[in-house]
Amino acid sequence: MASDRRDRAVRAAVDQRLLSQDHPVAALLDTEGVRASAAELRAAFAAVTDAPVLHAFAVKAGPLVPVLRLLSQEGLGAEVASPGELALTRAAGVPPERIVLDSPAKTPAELTEAVALGVAVNADNPQELSRLDTLLSRSPTASPLGLRVNPQIGGGTIDALSTATPTSKFGIALRDQGARDEVVRAFLDRPWLTRLHTHTGSQGIPLSLLATGIREAYELAEEINEATLRAHGRRQVDTLDIGGGLPVNFASDEHTPTFAEYARLLAAEVPGLFDGRYGLVTEFGRSLLAKHGTLLARVEYTKTSGARPIAVTHAGVQVATRTVYDPDSWPLRIATYDAEGRPKDGPLTDQDVAGPACFAGDLLAVERPLPLLEPGDVIAALDTGAYYFTAHYAYNSLPRPGVYGHTESPDGTVHFTPARPPQQLAEIVAESGGAHRDALLG
Ligand SMILES: *Cc1c(COP(=O)(O)O)cnc(C)c1O
C-alpha cells in the first residue's frame, strides 16, 4: 500500500475507533489493493499463454471468508490444505471446480468428501494413491486428480519454507532411487491420474529456483505423456499445477518481483508450459495479500531497560508469530503514528517494539531507529496482509483482533467494513473448555 493511502487509513481507523483502549490491536486490509493484485496475476499469465489457467489462492495465507469471497469475485479459486480451509471456501461460495486440495495428511474422510464434491486433489504419496484407488473403485468422480512431486532441487533462504529440499516431507521425492520410474508407472496404472503438482516453497525461494522446479515437473510430464501415449494412445497429464511462492518485498512499499516478471521468466525458461498443451493451476498466497495488510497496535507503556528504550505495545507473538520466533527471517517495517493516528516524526532513537505476551522474546523489532514512542501512540506493522493477523496464535489467551477492509472515496474519505469482528472474551472462554468446567474433577 502506498504510504499516503496507508496514512489516511490509519488516521481514519483511530478516528472511527477501530483502534481504541478497548481494542488495542486492529488489522486493516486494503480491498482495492487486493483486487488490483488479483487482476495483475490474471493479466500476467494471460499475457504469456492462451491455455486455461486456474489461479487458486492459497487459503492459509488469508483464511477469512470475505477475503475468499472477494478473490472469488475476482475470478480466483482456492487451494486448501485442511478440512477447515475447505469449509471456509465452501462458506465463501467458491465453486468446487475452482478448489484444489493439497494437504500432505488427508484422512480417508477428507478424500471422500473431496471426490464427492469434485474438487481437485493432489495426492502426496503412494499410500494416498492407494486410498484413491479404493475410493474410485466405489464411485466415479468429477475431481481432477494429480500427484505432487518434489524435484529435490534445494531450498531458499528460509529452511522452514523450503519444500523442494532433498528430505522435504512433501510429495514424491523424484531423485530418490527408483522414484521417477515409480511415478511413471503410477500414471500408466491409473488412467484417472491427469495432473502433476509441484511447489518449491514460500518466501525466500529465488525466482530462478521456482522456475527450475517447474521445469522439472514439466519434463516429467513430458516423459509420462510419452509413456502413456505409447501404452494407451493418450497424453495423460493434461494439467500442471505450478504452486505459489512468489516472494514479497518486506523492505519497501515497492511490489517486487511482479507476477508479470515471474510469468515472463517461466515463459522463457519453460516455453512448453505455455504452448497450450497443458492447462495450468497456480497457488499464490503471500504475493496476493501481504502488501495490502497493516497491523495497528497502541503503545501501552514505554520504559528503558539496560538503557534501551522499549515501547510495550499490544501486537506481538499472537499476530506476528513468525517475526517473533524467527526475527532474522521475517523482519517487519514499523511505521509510527501519534495517538490521533497522525504520522509521528522526530529524531530517530533505537528502541525495541515489544508485544504483550509473557516471554522475553515477544518483540516486533529490536533496536529499531524510530521516533521515540510514547504511551497512546500507534505503531503499524507493514506488509502483514498474509500469514500474520489471519494466522492467529492463541498464546496468553490473547484475542484475535478485528480485521477491517477499507476503501477510499475520490475525496479521500476512508470506509471500513468488518471482515472479522474482534474476538470477545466469552469466545475465548468457550473455546478453552468453558462448557466443561468440571470435566477433570472426576
Ligand atoms: C503455502 C503453499 C502455497 C502458497 O505459498 P505462497 O508463498 O503464500 O505463495 C502454495 N501451494 C502450496 C502447496 C503451499 O503449501
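The single condition among (1) more than 21 Å from residue 129 (Cα to Cα); (2) of a type outside the set (Asp, Glu); (3) not in a helix (DSSP H, G or I) that residue 194 does not meet is (1). For residue 204, state whether it is buried (at least 18 other Cβ atoms within 10 Å of the Cβ), closer than 21 Å to residue 159 by Cα and among the small types (Gly, Ala, Ser). When the stated conditions are applied, residue 204 passes them.
Residue check: residue 280 meets all listed conditions (1) assigned by TED's automatic domain parsing to the domain that holds residue 9; (2) within 16 Å of the ligand (Cβ to nearest atom) but one, namely (1).
Apart from one condition, residue 192 fits all of (1) within 23 Å of the chain's Cα centre (by Cα); (2) away from the ligand (no atom under 14 Å from the Cβ); (3) of a type outside the set (Val, Ile, Thr); the exception is (1). Among what's in the stretch 234-259 and is surrounded by fewer than 23 Cβ atoms within 10 Å (Cβ to Cβ) and away from the ligand (no atom under 16 Å from the Cβ), pick the residue that is farthest from residue 335 (Cα to Cα). Going through the qualifying residues, I end up with 234.
For the stretch 43-65, a residue qualifies if it is surrounded by fewer than 24 Cβ atoms within 10 Å (Cβ to Cβ) and under 17 Å from residue 95 (Cβ atoms), and the qualifying residues are 52, 53, 54, 65. The condition (being surrounded by 14 or more Cβ atoms within 10 Å (Cβ to Cβ) and either in the same structural domain as residue 241 (by TED's automatic domain parsing) or under 22 Å from the mean Cα position of the chain (by Cα) (or both)) is satisfied by just one residue among 166, 144: 144. A search for C-beta distances below 7 Å between a residue of the stretch 99-128 that is more than 16 Å from the ligand (Cβ to nearest atom) and any residue that is among the hydroxyl-bearing types (Ser, Thr, Tyr), counting only pairs 6+ apart in sequence or on different chains, returns 115/141; 115/143; 118/141; 118/143.
Please find, within the stretch 162-189, the residue that is nearest to the ligand (Cβ to nearest atom) out of those that are out of contact with any His (no Cβ under 9 Å at 6 or more places or on another chain) and aliphatic (A, V, I, L, M). Taking the candidates together, the pick is 172.
The values are calculated or read from the model by the stated rules, or taken from the named source; none is laboratory data. Not measured: the values here are computed from a predicted model. We place every Cβ from the backbone using ideal geometry, glycine too, and count neighbours over all the protein chains shown.
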